[in-house]
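Here, each number is a calculation from the coordinates, and none is a lab measurement. Since this is a predicted model, take the numbers as computed values, not measurements. Every residue, glycine among them, receives a Cβ derived from its backbone with ideal geometry; neighbour counts consider all protein chains shown.
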Amino acid sequence: MLDTYLMITVIFLTLCFDFINGFHDTANAIATCVATRAIRPELAVAGTCLLNFIGALVFTGVAQTIGNNIVISAAVINEVIIIAGLLGAIFWDLAMWYLNTPSSSSYALIGSLIGAVFISVGLPVLNISGIILIIVSLIVSPFIAMVISYISMNYIIYLCRNYKPSKVNKLANRLQIISAAFMAFAHGSNDAQKSMGIITLALVSNNIIKTLEVPIIIKIVCAAVLALGTGIGGWKIMHMVGNKIFKMHPIHGFSADLNSAVVILGATLLSLPVSTTHVVSGTIIGIGMAERIKAIHWNVAKNILTDTLITLPCTCMLGAVFYVVIRYIFTTILPFYLLVKG
């Protein structure tokens, strides 16, 4: 009976994380098109909901990476470890959202799970090579986005050199609807899979299913919850990502959406998790560098970089702390309560 309750708790918390990820990362998926006023916020959120849902249903490679690359085998962990990891990630995401700070849900989830696994069953159980692959993907992807956006923005500037800025921005406004849709699809294709991977890992560890192939019902539920979270929206963070790093115009928004989507979808096709927050931020910095380096608000960029550096170690500690607390509840407080009640 306890195992059933724990499994239900894992699923519930994973969907909570998925929901929070949706409203937390909505800002990243649509910040640029709203910042440039290419699309009204309400329409942008509605469209992003739909395309997030579709994107989440199409791919499962990232989910399998999450399931395979953190621990050497699903059999070596249990629901309590996963619950601790989820609580750490949720706590961090909510704290960063409250502080109006763009933060990576991916870093938070990976870090918290690593901390919970390490404190509970030790270092040998961690899949070090798999974790390194995930972390490298998370770290390198924003820099790839920055380089690609810098090159592409320079090319766009060259192509548009003989046209009036007003005409260029008018065309870019229309094109950004397409690029924003592409970005929303890419966002769903990568982010929802992390939650799918956690639930599937828990199901395998309990011998409910035999492989890390994501069941269709898990795909649908995770996709729907991410879309629901997207509908709620992360309006506070949207302003920071969209305009505080660099003052955006429609041509910049089009380039940012397109380049971010290419990087994120490319990672999805390679079954690698990336941080939407940091990819979008890297893209915007690259575009700003192409226009004028001094135009970038480097203090904001520095804050995002600082977040990148502290999220993983902080969430590792959070995951470990939550595991210790949960274990204490189950081994000390709960037995004592049952003894007194009995």
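The spacing between the stretch 207-221 and the stretch 116-144, judged by their C-alpha centroids, is 23 Å.
Considering only Ile144, Asn162, Gly88, the residue lying farthest towards the positive end of the dipole of the stretch 2-334 is Asn162, judged by Cα position with unit charges set on Cβ.
Sorted fewest first by neighbouring Cβ atoms within 10 angstrom, Thr311, Thr101, Thr4 come out as Thr4, Thr101, Thr311. Sorting the segments 61-69, 182-190, 317-325 by their mean number of nearby beta carbons within 10 angstrom, highest to lowest, gives 182-190, 61-69, 317-325.
How big is the C-alpha Rg of the stretch 35-125 next to the rule-of-thumb value 2.2 N^0.38 Å, as a ratio?
On the way: Rg = 17.0 Å, N = 91, 2.2 N^0.38 = 12.2 Å.
Here the Cα radius of gyration is 1.39 times the empirical estimate.
For the peptides 273-284, 131-142, the ranking by mean Cβ contacts within 10 Å, running from highest to lowest, is 273-284, 131-142. From the largest down, the stretch 2-334 spans 71, 36, 32 angstrom on the principal axes of its Cα atoms.
Each of Cys222, Cys16, Cys316 was scored by other Cβ atoms within 10 Å of its Cβ. Arranged with the fewest first, they read Cys16, Cys316, Cys222.
Ranked for footprinting exposure by Cβ neighbours inside 10 Å, fewest first, Glu42, Glu213, Glu291 give Glu42, Glu213, Glu291.
Pairs of Cα atoms in the stretch 84-134 fall into 5 Å distance bins, from 0 up to the last occupied one, in shares of 4, 22, 25, 21, 15, 8, 4, 0 percent.
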